[in-house]
Amino acid sequence: MSDRFEALLAFLQRALIEPLGRIAAAVGNALRTLLGNSWRARRRLSLAAVLVALGYALYSHPPFATVHRSEVLVRTNLIDGSSRAYSAGTVVLIPGVQQLRRYSTRDQLYRPLESVHASGPSPFQSNEGLSIGIDLTVRWAIDRTRIAQMSREYPDDLNADLVRPAVQGVVYPLLARHTAREIFSSERQEIPHEIARELAPKLAALGLILRGVDMGQVDLPADYRAQMEQLLAQELETEKIRYTLQLKEAQVKETQLAAEADKVRRQKAAEAAGAEQVIAARAQEETMKHILPFKQKQIEQRQLEAEAEKLARIRTAEGAAEARRIEARGEADSRQKLADAEAYRVETVGKSNAGQMEREGTLIARYPLLIQKTLADKLSDKVQVIIAPTPAPGQFLGANLVGLEAAKSVGVSMQPATAQAQDR
C-alpha cells in the first residue's frame, strides 16, 4: 500500500504541481510583458493561484493513508462525530472533513520511574509509613473492538494521561495495606496479582486491556534494610535451631521406628519361618501320601517286570534249546546225507573206474602198443630222443632199456592186470 501511495503522490506532483509551476512562471512572464489591467489577465492569475494552493494542499496533506502492520487507523468524521477503525489497507481521507489517528496494537509498557527508588521523587508508602521504591512494570494494549468509539476521548499520550492515573490510583492504596516486610518477602508473589485484579477493570473502562503486572526490585530505606537484615539473621538463627531440634527429634523417632521395625521384622521373620516349616511339613506329608502309593506301584511294576523278564528268559532258553535240537537234527541229517552221497559217489566212482579199466584192458589187449605210446607221451617232455632196439613182438618198448629182468617183471605185472581187466 505504501508503494501505491508514493506512486500516487509522484503522479500528483507530475500532473499538478509541476504544470502549476510552469503556469505560474508563464503568468509571471506574461505580467511583465503585459502592463495592462485587463480583467482576463486577472482571472488567469487568480486561477493559477488557486491551482497552486490546491496542489500544495494535496501534497502536504494527501487524501490517502496506509495502515501499517501492528497498528489501527481510526477515521473520525468531524461533522457528525462518527468513527471507524481500519486494521489493513488504504484509507481515503477528506481534508477538513475527516480526521485520522493512528494507534499501535502491540503491547505497551508503563514504568513509573519516579517510584523505582525509595529516595526518589515519588516513592510508594508501606503500612508503617516507610518510603519504598518498587520497579513496577504494567503491560497493556488497546482494545481493538472498542477503539472506534473510544478514540474520540483518547488523549495524545495514553501512558501519561490514562494509564498512569489508573496505576497510581490502584498501587498506592494497595501497597499502603501491606507492611514493608510483606512487600519485600512474604507477599511479594501475591501483590502483583492483587494489583492486576484491581487495575484490569479500570483499564477496561478506558478501552484498554491489561496484559500483566510485573514487580521487580524492591528498594527499602538503608536503616530499615540494616535492621531487617539483623532481624532476618536472628530469625534465620532461630529457624536453624528449630530445624536442628526438629532434625534431632526426627532422628530419635527414626531410631525408635527403626528399632520397632527391626523388632517387627524379626517377629514377622520368625512367624514366617515357623509358618514355612509348618507348610513344608504339611507339604511333605501331602507329598508322602502321593509318594507311598507311587512307590508301591513302582515295586509292583518291578515285580511284574522281573516275572516278565524271567518268562522271557525261559522262553528264550526254550527257544534256544529247540533251535539247537533242530540244528542238531539238521546237522545229523546233513551228515547222513553227506555220508550217503559219499558212499554213492565212491560206489559210482568205483563202478566207473572198473568200467574204465575194463575198457582199457580190452583196448590194450587188442592194441598192446598203446602202452608204449602212453609211456612215450609221458616221457616226451623230459627226454628228447630215445634210441633203443626194437623189442620182440608183444614186449615192452623199454624192455631193452631197463633190462630183461625188469621187462619180465613188467610183463608179469601187466598180464595179471590184463587178466583182471578181462575178468571185469
Subject >> Table column - 3J(HN,Hα) (Hz), the range 352-367, Karplus curve with 6.51, -1.76, 1.60, x for Gly and Pro >> reply: 5, 5, 4, x, 5, 5, 5, 5, 5, x, 4, 5, 5, 4, 7, 10
**OP:** Alpha carbons only, please: Rg and Dmax for the range 95-233, in angstrom.
**Re:** 17.8, 70
Subject >> Nearby aspartates and glutamates by direct alpha-carbon distance to Lys295 (threshold 19 angstrom, same-chain neighbours under 8 apart not counted) >> reply: Glu285, Glu286, Glu305, Glu307
Subject >> Proximal lysines to Lys373, defined as alpha-carbon separation beneath 30 angstrom and excluding residues fewer than eight positions away on the same chain >> reply: Lys351, Lys382, Lys408
Original post:
In whole Å, how far is the Cα centre of the range 272-328 from that of the range 99-119?
Top reply: 106
**OP:** Multiply the residue gap between Asp333 and Glu114 by 0.36 nm, knock off their C-alpha separation, and tell me the result in nm, one decimal place.
**Re:** 64.1 nm
**OP:** Quote to one decimal, in nm, the extra length available between Gln303 and Glu254 on full extension: 0.36 nm per residue of separation minus the C-alpha distance between them.
**Re:** 10.7 nm
Subject >> Fully extended contour minus Cα-Cα distance, from Thr362 to Gln277, at 0.36 nm per residue >> reply: 18.7 nm
Subject >> Where labels lie 7 Å past Cα in the beta-carbon direction, separation of Leu292 and Thr238 in nm >> reply: 8.1
**OP:** Quote the FRET efficiency, to the nearest 0.05, computed for Leu245 versus Ser185 with a Förster distance R0 of 30 Å and r equal to the Cβ-Cβ distance.
**Re:** 0.80
Original post:
Lys253: which lysines have alpha carbons under 16 Å from its alpha carbon, excluding same-chain residues fewer than 8 sequence positions away?
Top reply: Lys263
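By average Cβ neighbour count within 10 Å, what is the ranking of 98-110, 326-338 from highest down?
98-110, 326-338
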**OP:** Hey, for a label at Glu198 modelled as a point 7 Å past Cα toward Cβ, could you say which residues of the range 169-187 have their backbone N under 13 Å away?
**Re:** 169-179
Original post:
What number comes out for the charge environment of Ser119, summing +1 per Lys or Arg and -1 per Asp or Glu over other residues with Cβ under 15 Å away?
Top reply: -3
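Bear in mind these aren't lab numbers, they're just calculated from the coordinates by the rules spelled out. Treat the numbers as computed from the prediction; the structure is a model and nothing was measured. Reconstructed Cβ throughout: ideal geometry from the backbone, glycine too, with neighbour counts over all protein chains shown.
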